[in-house]
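So the structure is just underneath, and the comments pick up after that.
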Amino acid sequence: EFENNIPIATYLYNNAIKNYLEYRGKIVLYFKDTKTILISQLFLNRLNEQSKANINEFKLPNPIKHVEKKPFVIESKSKIDKIGLKHPAPYSYIDIEELTKIESINNKIILDPFLGVGSTIIGTYKNNKNIGIELNPKYIDLIKERFNFLNINEAFQDSQIICGDSLMEVDKIKTKFDDVITSPPYFNILKNNTSGVRTDNSQSRQGIEYYSDLSNDIGNLETLNEYSNIMQNLFAKIYNKISENGKIYLVVSDFTVDKKEQDIHSMFLKVMNEAGFTYRTTSYILQNQKVIYPFGYPYKIVINHIFQYIMIFEKNEQE
């Protein structure tokens, strides 16, 4: 990492784009025996004679001497129950439960502003209290059905579940919360007709194909810039409500917009810094049920996403 806790991958991405290279994805290299994590980025040369004349050389700044926290890897246990699969993009509550063990998340009040079908609550409720916000009332009904199916009705009774728009509902929360664990909506990419490749034949979506048709659904925004601005607005509101030294755990992945791969990890780093939070580290969920497969070979190659980021930020007003 470099000055201001900027990851080297983000620094290289920003400079490569300035120098007219085309970003096509990342690979995370994880060595179990040494717990070493390395990042490999793929860029394609799209230079023409005019752009060659405008290339700017860049040098790496001095690295910071102390890294706040070493990253970790969770090997995903991604089996989702049949009710959870009625959401178009659920994540594994088993992975979230593992996260709480690694990070010692106990006796906390946890907020999930994008609750979906309740995976965050299922993965954390045993040792924590929860506040969840979900825009779509149909998903609130699914949460009740899912908790009953999993025989954990106490999780529903002990949690504050709010149906509404997070941009408005966060301001109404009267109590401070300690941490945020969430997976933000993936913009409007669920409306794409493309599909990935999984070795366990679980790629086909269950139930509806995208989040909703609601006008204020983030999944219906037109541009990535709108998405970024709304996320910054929301997390700025969360900054005012979260406890001092409270942490944000963002489960995100890079994705493609208009057939162009986006470095969503770097986008959220900028979003969260501008919302006031301090970046700590990025850890990973390794999804072994997916295969490494180059899409669009040979011209428009994109590396299949076989991992998700767990981006960790902290509110620290003293820094």
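The values are calculated or read from the model by the stated rules, or taken from the named source; none is laboratory data. Predicted model only: the values in this text are computed from it and were never measured. Virtual Cβ from ideal backbone geometry, glycine too; neighbours counted across all protein chains shown. Please note that ligands, DNA and RNA were not included when accessible areas were found on the heavy atoms of the full protein model with its side chains. Shrake-Rupley method; radii C 1.70, N 1.55, O 1.52, S 1.80 Å.
Please work out which one of (1) in a helix (DSSP H, G or I); (2) at pLDDT 90 or above; (3) of a type in the set (D, E, K, R) is the condition residue 226 fails and give its number. If we test residue 226 against (1) in a helix (DSSP H, G or I); (2) at pLDDT 90 or above; (3) of a type in the set (D, E, K, R), just (2) comes out false.
Yes/no per residue for (1) modelled with pLDDT of 90 or more; (2) surrounded by fewer than 20 Cβ atoms within 10 Å (Cβ to Cβ):
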| residue | (1), (2) |
| --- | --- |
| 220 | no, yes |
| 235 | yes, no |
| 255 | no, yes |
| 268 | yes, no |
| 274 | yes, yes |
| 283 | yes, no |
| 286 | no, yes |
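For the stretch 101-122, which residues satisfy the criterion of being in a strand (DSSP E or B) and β-branched (Val, Ile, Thr)?
109, 110 - these are the residues of the stretch 101-122 that are in a strand (DSSP E or B) and β-branched (Val, Ile, Thr).
Scanning the stretch 125-151 for residues that are charged (D, E, K, R) and either in contact with a Leu (Cβ under 6 Å, 6 or more places away or on another chain) or surrounded by 19 or more Cβ atoms within 10 Å (Cβ to Cβ) (or both) yields a count of 2. The residues of the stretch 152-173 that are at pLDDT below 90 and open to solvent by 30 Å² or more (accessible area, probe 1.4 Å), listed by number, are 153, 154, 156, 157, 158.
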